[in-house]
Each structure stands twice: as C-alpha cells, then as structure tokens.
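Working notes, beginning with the structure itself.
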Amino acid sequence: MHGRPPEPMFPTPELFVDGAFVPSADGARRSVVCPTTGRTLAEVAEGGAADADRAVRAARTAFDHGPWPRATPRERAALLERVADLLERDRERFAALETLDTGKTLGESRDDVTQVADVFRYFAALIRVDGGHVNRAEGAVLSLTLARPAGVVALITPWNYPLLQASWKVAPALAAGCTFVLKPSELTPLTTLALAETLAEAGLPSGVANVVTGAGTSVGAALVEDPRVEMVSFTGGLATGRRVAQAAAQRAAKVALELGGKNPNIVLADADLDAAADHALEAVFFHAGQVCSAGSRLLVADEVHDELVERIAGRVAAIRLGAGWDPATEMGPLISAEHRAKVEGYVRLAQEEGAELRLGGRRPADPGLGDGWYLEPTLLLGLPPDGRVAREEVFGPVLTVERVRDLDDALARADATDTGLAAGVWTRELATALAAAERLRFGTVWWNDFHPYFPEAPWGGFKTSGVGRELGRAGLREFQEEQHLYLNGRPGRSDAFGRGGARRG
Ligand code: NAD
C-alpha cells in the first residue's frame, strides 16, 4: 500500500564525542520508531548525564585549546562551504532518513536538505563580511566593536524539523567559532547523527561538534545546568522552553529560545481568493500541521467567509494521506501515538467549545494506513475566539475558521494570544497590509503568502514564542559576544590620583 520504504545508509547509531562515535557510558539504547509503519528503524545509544559531561568536556577543551575558535573567518567559511557541498552530494540519503524518521513527504525532506545547505552557505558568506565595526576613529584613538565566539554552546532541537532546526544553530555556531554539544529530539535523531558524520568528513577538528542522543530530562537538563556551557540555544515547546530558561537563569547563562506559535492567517474581503485558498491549505497541512509557524487559525472576513470555506472544504476532503515515500502522498502521519492523541483531544475540545466539525478529525479507515499515526485533515468552523483552541498550539492537521467583521476584529483576535511567531494577511491593498503589520505582534508577517523564510531574514517570535532570533545577521549574533576594543595610539598622562590635587579644579 505504501510502496517500498527507502533504504538509505543509516548513520552510526552512537554518540558523537570528541571526533569519534562511542557508546553511552551505561550502554543504554533507545528504539527509534518510524511513524509511518510503527517499525523500529534503529537502536540508538541513549546518552545520560555522564555522556553530556564527557561531551561538554570535549567541547570545552576544543574551545579553550583547539584551533577552531582561532581559525580565520576565511577558514571557517571554507569548512561551512564544504559541509554544504557534502549535504548536496548526500541529499537523497538525508531526505530518505528524514522521511523515515519524521513521516514527512520525500519532497518536503528534499526541500529541507536544499535549504539546510543554503543555510551553511549563507553563514559562510556572512562571517567573511561581518567582522565588526568602527565606533570612533578620532586621531590616535580607535574604538572597535569585535564579535568574539560565545564559547561552548548547548544546542537542543525538536522532532518536527530535525535537520533544519539543527542547521539554524550549527551553521552560525560554527561560523562564530563556537564549539557545541547538540542534543536532538529522542524521537528523531537520525539526520543529526548523519550530520555529525558530514561535519567530520568536512574536516572539522575533534571536539568542536558533539552529538549526544537521549532524553531531554537527562541529557538536555544536564547540558543546560552545566557551568562550562556558556549559552543554550533551544527550539521546542513553551513548557520545556520555560524550564530551560529557568535552569539557565540559575547560573546567569545566555539563552535563546524558539518556541511554539498560534499563527493567524487573515483573509480580508478584497483578497485574491484563489491564492488565499491555496495558501490556507499549505499554511496548515504542510507536514501534517507539525510546523511551529503553521497557519492553523484562519480569520476570514464575513463577506467572503462562505465562499472561501467552500473552496477549502472541497480540497481538504481530497488531500491524499500516505507514506512520505509514495509520490502520490500529500500528507503523512503524525510523529507518535501520544501526539496524535493530543491533537484528537484538541479536536474534541474545539467541539465542546462550540465549533462545528465540518471534515476529518478521525483516523483514516484505509487499512493500509493502519500501522501509522495518521489523522484525517480536519476542518472546524465557527471556532469561538475566547476558548482554549483559539489560543493554544494544536500542532496537527487541524484548520479552524473564524468569521470576522473586518481587519480590526481580526487583529484583536490575533492579538489575544500569548504567542507571536508568524501571521499572514490577504488583501489587495499594500497600505492595509502595512497597517496590519504594524499592529500584528508577530516575528514574521506575510502579505499575500504564507510560510516563506530564507537565511537572510531573521526568524523568531514576539511574546512567548521566543527569545532572540535565528537566521539573518541576528542569528549569527546569538553565537557571538560583542567586545569593545579601545585602542589609544598616543597615551597621555593622567593626573587623576595621587599627585596632590595639583591639576584638580
Ligand atoms: P519539546 O519541548 O518537547 O522538546 C524539544 C527538545 O527539548 C527535545 O530535544 C527534548 O528532548 C528537549 N527537552 C525536553 N525536556 C528538556 C529539559 N528539561 N531540558 C532540556 N531539554 C529538554 O518540543 P518538541 O515536541 O520536540 O517540538 C515541538 C515544539 O517545538 C512545538 O511547540 C513547536 O512549535 C516548537 N518549534 C518551534 C520552532 C520555532 O522556530 N519557533 C521550530 C520548530 C519547532
């Protein structure tokens, strides 16, 4: 029914510490399960606090004594370019591993790898041109701002975009001259381990990059609490992000957080409805809605509400579920049985809160899909704006629709959430879009589109959607400490102390 799963070369299923693949200290292993078939893909080393300790020691030594932080920007850029070349060479391998591990379609996984290679190329270019700046140049005095590496950093990533989210941290961390310990989600470690192989093949010195697989509560917590780790860059859910921030705050470590979102997609009465309908679907059903910026909350002006809903409903019913490696598949399964149960809970809650279930919300009847954690694409109408579902991240293939009076009504609803990651506005008037963007407290605002991002532009959230930014110049700054260097080429005498007040006025 699914066709044949791909058979890529699997990465060595061990921890990557100090340039070598090694078993965990206690020999524990964890099964990594394919969400499409329910079968075990690999038995991966399950690290613990002792392994985190070993990896931090390697990263610390590499930072304090190794060549990487002292390499020139040109040398670092050359290595990042080599990584990009290798990722492009191995695109099919990475894409197949990602699809097996996450359930997303092969097309999406291939796009992820292409974009990941581009992220490495972007930071390679940026580090060569972004060396700091001159604050003052006055006579013999020169004041410079220089960017120094932030040090040893812990990178913690989620399961929905394992390779992509890792690259948004790994590429700028390396460009900046940091060394790191990376902990992928325990559900999806395969492409991260393959990336470790790629970094080694590219010639990265031992100890600069370390990968410790294992649970968040053991490996993740140990990394965040370790006083030798100077900065933590975390992507994941809000509850975990708060714990990470609290632990980092205990020892005044720097922290960058990319958290969840409840992202409104606003369609006004004058919108191009053909394009708006296409993108309303893409906004939420891409990767079965397991996207931090999923446009799961459609706010539609009264005048066009019924027409847009009809257009969308016909298409939702036709979305083809299946294995990510089947070329006919448009949407794969959810990541786990627990996660599907959580999403189903939100579908029930929405109905309890007063929404009408128009389509989906069930597990597909097709017995060929019985082994995977599928959920039918779901359309809920008339979602009340004051309920939990209007505010909380569902993270599944669930589109909720609210009828709004006008832009003001839409903006008030959009603002009534604690999160602020991304928002879309559909109108033919640029002036309307600009006015909306000014009032939308979201890190990204799309006008007549949804989802595009690229390495040159910053990514991150207002409010509880995060702290700091990834990608863009700001994404490099996260991994740098600014140092003010004051140079005085003509030192003068100072009469300030101990000269009997002779010159004091
Ligand atoms: P999660 O918070 O459950 O886990 C994220 C990572 O944190 C995992 O590696 C996990 O093992 C680790 N972790 C768990 N407890 C920890 C602890 N106490 N200390 C340190 N690390 C710990 O998130 P998830 O379910 O893997 O990912 C989904 C979430 O990620 C969604 O909320 C989504 O919106 C968010 N996300 C945000 C962005 C963004 O750019 N803003 C991108 C992707 C995903």
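Values in this text are rule-based calculations from the coordinates and carry no lab data. Given the structure is predicted, the values throughout are model-derived calculations rather than measurements. Note that each Cβ is placed from the backbone with ideal geometry, even for glycine, and that neighbours are counted across all protein chains shown.
Taking the longest Cα principal axis of the chain as reference, the axis of helix 162-176 is set at about 20 degrees. Dipole magnitude for the stretch 236-381: about 1120 debye, using +1 per Lys or Arg Cβ and -1 per Asp or Glu Cβ, origin at the Cα centre. Averaged across orientations, what area in nm² does the convex hull of the alpha carbons in the chain project? Over every viewing direction, the Cα hull of the chain projects on average to 28.4 nm².
Coupling constants for the stretch 344-359 follow from the phi torsions by the Karplus curve (6.51 cos²θ - 1.76 cosθ + 1.60, θ = phi - 60°), and in residue order they are 4, x, 5, 5, 5, 4, 4, 5, 4, 7, x, 7, 9, 7, 8, 8 Hz; glycine and proline get x. Using the Cβ-Cβ distance between A215 and F497 with R0 = 56 Å, the FRET efficiency computed as 1/(1 + (r/R0)^6) comes to roughly 0.45.
Contact order, relative form, for the stretch 364-505: 14 percent (alpha carbon pairs under 8 Å, 6 or more residues apart, mean separation divided by residue count). Relative to the dominant Cα principal axis of the chain, helix 273-285 is inclined by about 70°. Among beta bridges from DSSP that stay inside the chain, the antiparallel ones total about 45%. Basic side chains Lys and Arg get +1 at the Cβ, acidic Asp and Glu get -1 at the Cβ, and with that the dipole of the chain about its Cα centre reaches some 2300 debye. In percent, rounded to a whole number, the relative contact order of the stretch 210-369 is 14, using alpha-carbon pairs under 8 Å and six or more apart. Taking each DSSP H run with n ≥ 4 as -39500 (n - 2.57) and averaging over every residue of the chain yields -11500 deg cm²/dmol at 222 nm. Each of V152, A137, V17 was placed along the dipole of the chain (beta-carbon charges, centred on the mean Cα), and the one lying farthest toward the positive end is A137. Compared with the dominant principal axis of the Cα atoms in the chain, helix 106-129 is inclined by about 20°. Here, P(r) means the percent of Cα pairs in each 5 Å bin from 0 to the largest distance; for the stretch 222-267 it is 5, 23, 28, 16, 9, 6, 5, 3, 2, 1.
Applying Stokes-Einstein at 4 °C and 1.567 mPa s to the Kirkwood radius of the stretch 357-492, computed over alpha-carbon pairs, gives a translational diffusion coefficient of 70 µm² s⁻¹. Applying the Karplus relation 6.51 cos²θ - 1.76 cosθ + 1.60 with θ = phi - 60° to the stretch 384-397 yields 3J(HN,Hα) values of x, x, 9, x, 5, 5, 6, 10, 9, 6, 8, 6, x, x Hz, where x marks Gly and Pro. Computed from label points 7 Å out along Cα-Cβ, the spacing between R29 and D111 is 3.6 nm. Can you tell which of G472, P264, Y486 lies farthest toward the positive end of the dipole of the chain, using +1 and -1 charges on the Cβ of basic and acidic side chains (Lys, Arg; Asp, Glu)? The Cα lying farthest towards the positive end belongs to Y486.
Pairwise inverse Cα distances across the stretch 23-133, averaged and inverted, put the Kirkwood hydrodynamic radius at 16.9 Å. Excluding same-chain neighbours fewer than eight residues apart, the lysines reachable from K342 by a Cα-Cα span under 17 Å are K262. Taking amide H as placed 1.01 Å from N in the peptide plane, the amide H of R358 sits under 5 Å from that of L379, L380, L381, each at least 5 places away or on another chain. Normalised by the number of residues in the stretch 182-294, the mean separation of alpha-carbon contacts (under 8 Å, six or more apart) gives a relative contact order of 19 percent.
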